[in-house]
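S.K.: Handing you this structure, nothing more for now.
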Amino acid sequence: MTNTATTAKPSSNSAAPAENSALASTQGVTTIADTVVQKVAGLATREITGVHALGGGAVRAFNALRERIPGATASAGQGVSVEVGERQAAVDLQIVVEYGVAIADLAKSVRRNVIGAVEQMTGLEVVEVNINVSDVYIPGDDDADDHTESGRVQ
């Protein structure tokens, strides 16, 4: 039997699709865009209790402004960067955790959820999930500037 798919050759820096890959078969090849993996990983991260937000301070500030624009929504991939190959993906997350949450346990839960979601939805093997905790959210800090006191006695 001859190979009829001679027009679609893999790039020189990537390996040929494996026979046992869920994304490649004799009937064709499925490719997954980076943004798909990025969104899946971002949504899976947000599902974990104790994750307050994704992204660094500047990214969160920009998205807070974007949310005020009618019709605009926050990016599901905020705070997530990925590298996607033919069969594997790597994920980097930047998160803000809620005060009082055990960060090591939270990271383990996030990592497990992201790996499970990405592998189940895309068929890619997740080789690593790196987590950068950039801040701790303390409830009430946002409201601290709203209270101005004129004195001890009113």
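S.K.: Report those strands (runs of 3 or more DSSP E) wholly inside the range 50-154 carrying at least 2 residues which are open to solvent by less than 60 Å² (accessible area, probe 1.4 Å) and at pLDDT 95 or above. Spell out the reasoning first.
M.R.: Working: elements: 51-54, 80-84, 88-98, 125-137.
Passing ranges, in order: 80-84, 88-98, 125-137.
S.K.: Something else about it: Looking only at the range 20-42, filter to residues that are assigned to a helix (DSSP H, G or I) and small (Gly, Ala, Ser); which one of those is nearest to ARG112 (Cα to Cα)? Spell out the reasoning first.
M.R.: Taking the range 20-42 and keeping what is assigned to a helix (DSSP H, G or I), we get 34-42.
Subset that is small (Gly, Ala, Ser): 41-42.
On the way: ALA41: 11, GLY42: 13 Å.
Ranking the candidates gives ALA41 first.
The values are calculated or read from the model by the stated rules, or taken from the named source; none is laboratory data. All of these numbers come straight from a predicted model, not from anything done at the bench. The area values use the complete protein model at the heavy-atom level, side chains included, leaving out ligands, DNA and RNA. Shrake-Rupley method; radii C 1.70, N 1.55, O 1.52, S 1.80 Å.
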